[in-house]
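Scroll down for the structure; my scribbles are underneath it.
No lab work stands behind these numbers, since they all come straight from the coordinates. It should be emphasised that the depicted structure is a prediction, and the values quoted were computed from it without experimental measurement. Cβ placement follows ideal geometry from the backbone for every residue including glycine, while neighbour counts extend to all protein chains displayed.
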Amino acid sequence: MARLELRRLRKRYSGSTDVLHDIDLSIDDGEMIVVVGPSGCGKSTLLRMVAGLEAISSGELVIDGECVNDQEPAERDIAMVFQNYALYPHMSVFDNLAYSLKNRGTPKAEIAQRVEATAQLLDIGALLERKPRQLSGGQRQRVAMGRAVIRKPRVFLFDEPLSNLDASLRVQMRQEIRALQQRLNITSLYVTHDQTEAMTMADRLVVMNAGRVEQVGTPMALFRKP
Ligand code: ADP
Ligand code: ADP
């Protein structure tokens, strides 16, 4: 759990004009914020800045009162889930889940225990010996979620995680992701261009356009607007 604050965040890629202008946003402990807006409005850039994958041009990113602008991605304790899953194709599901813990020198017994607990949580316990290519789309998405969850991050970032799934699976997975996020109570920033997904998953919606936040509010409040 964590409180995440974006204070006048600005992004300018080298040789271009600003693609994000003074983004101000506070995300409460355990809150799920969904960011919607047309392609090119800056949603991915925003997530990548929070993750530490893009430099912040100006402004401050604050987690639990501490400015993390200068922290490396690994130090920020943030997990990101992508639409293409980013699983290691040559590794088993077990090794995909264990990877980040191994990297941090977690003892073997603890790794085994956490992989098992995570697999149970995501209902992928029967798949641990498989390679990603031997999984269905929904199963891959669960493994990707498991990889994010196993580190017990302070913040979850989701970049259009369901856009490669067919329609019925998308509905099922968005319910599963939302249930898991609420159960673990992890502060989350979720980007999608799917209005229904946004409406059904968000505690609050952020509507972006051309690098600016245009509206912030609960789905009910924004939906009621004429
Ligand atoms: P969205 O995720 O909403 O589609 P992006 O964050 O991907 O938007 O892009 C926002 C703007 O920044 C777009 O105009 C895009 O062309 C530009 N942009 C994205 N990545 C780069 C980059 N690496 N270098 C320069 N411009 C970029
Ligand atoms: P989807 O159409 O949802 O992507 P698939 O048709 O790929 O699903 O897979 C259906 C089921 O078959 C899943 O339970 C998946 O785990 C299993 N499966 C798919 N490919 C393989 C494989 N190469 N080896 C073992 N099981 C597989």
- Query: With θ set to phi - 60° and the Karplus curve 6.51 cos²θ - 1.76 cosθ + 1.60, what are the ³J(HN,Hα) couplings of the stretch 196-206 in order, to the nearest whole Hz, using x for Gly and Pro?
  - Reply: 5, 4, 4, 4, 7, 9, 7, 6, 9, 9, 10
- Please give the residues of the stretch 5-25, grouped as numeric ranges, whose backbone N is less than 12 Å from a label point set 7 Å along the Cα-to-Cβ vector of E60. 5-9
- Helix 137-149: inclination vs the chain longest Cα principal axis, degrees, rounded to 10, gives 80 degrees
- Cα convex hull volume per residue for the stretch 151-226, in Å³, equals 118 Å³
- Quick one: compute a quarter of the convex hull surface over the Cα atoms of the stretch 1-160 and quote it in nm². 10.5 nm²
- Give the shape of the stretch 109-178 as rounded, prolate or oblate, defined through the alpha-carbon gyration tensor: a ≥ b ≥ c are the square roots of its eigenvalues, a/c under 1.5 means rounded, and otherwise the shape is prolate if a/b is larger than b/c and oblate if not. oblate
- Cα extents of the stretch 1-94 along the principal axes, largest first, in whole Å, come to 42, 32, 26
- Query: Counting only DSSP beta bridges with both residues in the chain, what percent are antiparallel, rounded to the nearest 5?
  - Reply: 50 percent
- Note on the structure: Percent relative contact order for the stretch 1-156, counting Cα pairs under 8 Å at least six residues apart, stands at 23 percent
- For the stretch 123-133, in order, what is each residue's ³J(HN,Hα) by Karplus, 6.51 cos²θ - 1.76 cosθ + 1.60 with θ = phi - 60°, in whole Hz (x at glycine and Pro)? 6, 10, x, 7, 10, 4, 8, 7, 8, x, 5
- Note on the structure: Heads up, the stretch 83-226 by the C-alpha gyration tensor (a ≥ b ≥ c square roots of eigenvalues; a/c under 1.5 rounded, else a/b over b/c prolate, else oblate) looks prolate
- Query: Check Y190: other-chain or 5+ apart residues with amide H under 5 Å from its amide H, H built from backbone geometry?
  - Reply: I33, V34, V35, F158
- Task: Provide the descending list of Cα extents for the stretch 12-64 along its principal axes, expressed in whole angstroms.
- Result: 37, 25, 19
